[in-house]
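The values are calculated or read from the model by the stated rules, or taken from the named source; none is laboratory data. Model, not experiment: these values are computed from the prediction. Don't worry about glycine lacking a Cβ; one is built from the backbone with ideal geometry, like all the others, and counts go over all protein chains shown. When the accessible area is computed, the model is the full protein with side chains, heavy atoms only, and any ligands, DNA or RNA have been set aside. Shrake-Rupley method; radii C 1.70, N 1.55, O 1.52, S 1.80 Å.
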Amino acid sequence: MISQFAYLQYDVSMLITAASIVFILRYLSAALFSPLHDVQGPTLARYTRLWEVYKNWQGQLEHVTVAFHKQYGSIVRLAPNRYSISDPTAIRTIYGTGSKFSKSDYYTPFGAPLDHKDVFSETSNEKHASERRKISNMYAMSSLVSYEPFVDKVNGVFMAALADHAQHRRAFDLFTWMQFYAFDVIGEITIGRSFGLLEAGHDKDGLLHAVHVGSISYGSSVGLIPEIHQLYLWFQKVVPINSHWKITQRVILKEISARLQGVSTTDRKDFLAKCIELSKAGKLDQSTINNVLGTNIGAGSDTTGISMCAVIYFLMKHPNCLQKLRDEIEMADRQGNLSSPVTFQEAQRLPYLQATIKEALRLHAAVDQILSRVVPDGGAQIAGRHFPQGAVVGVNAWVIHNDESIWGKDVHEFRPERWLVDKEQLSFLEQNYLAFGAGSRTCIGKNISLLEMTKLLPQIVRQFDFIPAGDSQWTTSSGWFVKQSIQVKVINRGREI
Ligand code: HEM
């Protein structure tokens, strides 16, 4: 009996050793004999995806990627089969019209754990195109007018919160409050009610935490080893855990059911109302509705919060730009070109405001990683070399926005004026601007975020001065989104639009 057990132990250890050798040999041969074996990057990234997972966990991947491009040139290896490209021509090749590159399975863990994927996490180009067609009208410029009253309402609450901070000379974290603002607006626009974060002054229902942990942190790390996601989904079926995704779903399902039963207001033209209308016309099914509402909350809140925080931060650090913006707003007001509150249409006619937003997002793009895509059948020529099909490639906004050959010697300076150029030069800059992504997978919610930013900023900069309440430099931490942290105070200038 004892000797049989010893044999069994021997067999098992032999098996483990053999499996490990096969595993290591597979990795080594892939690293040494791949047609891309000579692409440079951190040594560990040649053999394992864990290097990028570790860097993502450390929260500075955008800076690390920029630094590696400086060291190694236009192609940098991030993992055995993942490459960051800094050559501007790659933007058209990878994301341009008619491109056959598809999203890599990095995106899958960001989506709902359902067979029916949302537009953000769907990897098939065909399925994505059909899903996006069904919902795009709700995000179109023509739909924005119906969302304006919701933005105005939350803007009012936000201005009151700032006035209260000013009156009590209270220091607060700028990003956190911009995040409260952005979540409250997206709540109003999407499900018909604000999440009440500005009024509460804290993440009262744990929604921000749930989105951060369940979608962003989870997606950005598990996306780098997506096989884990399949295991997690299987595990969830066996052990019914209270996942963070379920927390956001509960909020959404509660609102849908209230609306269908006529408990909540039905005369609003928000996303929920539009989805129900489309569903009654047989154009949307239940899971698409859940996906639309969930994606708005997951993809449309932190991004806008980060971007608003960036605009205010850079204006605070550049009083001359702040003054130019104020002059533009006051001039428009004197000429009778600004209503109270400022309409989206009026804000679009404020060129310095538009330039300021673009410049802030250039220097601080919300997303820290490459927008990864899979090289299609037949391979592709990118940045002067052939990539075989199946290789994962992408351009990182932080890298391209730091490229001196595009933006000039003052690439690191905050200078909104760089956007106030003739049509041809502007179109060149915009082709190299990735804050909202590019091509068929470009941000569907861009106009909504611009609606929020361009309406709120004139009000804020006119009425308040922001000053650092401690360290004047923010700190940042990334993991798909690059979130900031800085304590500020506001001073009420006593002027209102
Ligand atoms: C300033 C705010 C925003 C920024 C910086 C931003 C950034 C981005 C970026 C970079 C992408 C492309 C991702 C990729 O290719 O991998 C994207 C896609 C997306 N964004 Fe935004 N976003 C913002 C606001 C919003 C809002 C307000 C919504 C919804 C209300 C939204 C919903 C989406 C969706 C659904 C996609 C996927 C589109 C597709 O694949 O067809 N975003 N966003």
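Structure values in brief
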| quantity | calculated |
| --- | --- |
| Burial ranking of peptide ranges 131-138, 146-153 (average Cβ count within 10 Å, highest at the top) | 146-153, 131-138 |
| Modelled FRET efficiency - R0 51 Å, residue 164 with residue 71, Cβ distances, 0.05 increments | 0.60 |
| Directionally averaged projected area (convex hull, Cα atoms, segment 337-421), nm² | 8.2 |
| Pairwise FRET efficiency - residue 237 versus residue 115, Cβ, R0 = 22 Å, nearest 0.05 | 0.95 |
| Accessible surface, 1.4 Å probe, highest first, among residues 302, 403, 11, 205 | 205, 11, 403, 302 |
| Rg ratio (alpha-carbon, reference 2.2 N^0.38 Å) - segment 57-116 | 1.38 |
| Ordering of 36-45, 360-369 by packing [mean C-beta count within 10 Å, highest first] | 360-369, 36-45 |
| Kirkwood hydrodynamic radius over Cα pairs of the chain, then Stokes diffusion coefficient at 10 °C and 1.306 mPa s, in µm²/s | 65 |
| Packing rank of 278-287, 195-204, 53-62, where each peptide gets the mean count of other beta carbons within 10 Å, highest leading | 53-62, 195-204, 278-287 |
| Radius 11 Å from Cβ of residue 152, net charge of other residues (Lys, Arg +1; Asp, Glu -1) | -1 |
| Cα-projected label distance for residue 345 with residue 58, points at 7 Å along beta-carbon direction, nm | 5.2 |
| Hypothetical label at residue 148: residues of segment 417-457 whose amide nitrogen lies under 18 Å (7 Å Cα-Cβ projection) | 447-457 |
| Accessible area per residue, Å², segment 80-149 with all protein chains present, probe 1.4 Å | 45 |
| Pairs of Cα atoms farther than 24 Å apart, segment 101-213, % | 45 |
| In sequence order, calculated HN-Hα J values of segment 108-118 (Karplus, 6.51, -1.76, 1.60; Hz; x Gly/Pro) | 4, x, 6, x, 5, x, 10, 5, 7, 7, 8 |
| Gain in span if fully extended, residue 40 to residue 97, counting 0.36 nm per residue against the direct Cα distance | 17.6 nm |
| Proximal charge balance of residue 108 [Cβ under 12 Å; K/R count +1, D/E count -1] | -3 |
| 222 nm mean residue ellipticity, helices alone, for the chain (DSSP H n ≥ 4; -39,500 (n - 2.57); rounded to 500) | -17000 deg cm²/dmol |
| In Hz, Karplus ³J(HN,Hα) per residue of segment 340-347 (6.51, -1.76, 1.60; θ = phi - 60°; x = Gly, Pro) | 10, x, 4, 8, 4, 4, 5, 4 |
| Label zone at residue 446, where the point sits 7 Å out along the Cα-to-Cβ direction: segment 118-151 residues whose backbone N lies under 12 Å | 141 |
| Distance (nanometres) between label positions extended 7 Å along Cα→Cβ at residue 405 and residue 487 | 4.5 |
| Neighbourhood net charge (12 Å Cβ-Cβ; Lys/Arg +1, Asp/Glu -1) for residue 453 | +2 |
| Extension gain from residue 258 to residue 335, taking 0.36 nm per residue of separation minus the Cα-Cα distance | 23.2 nm |
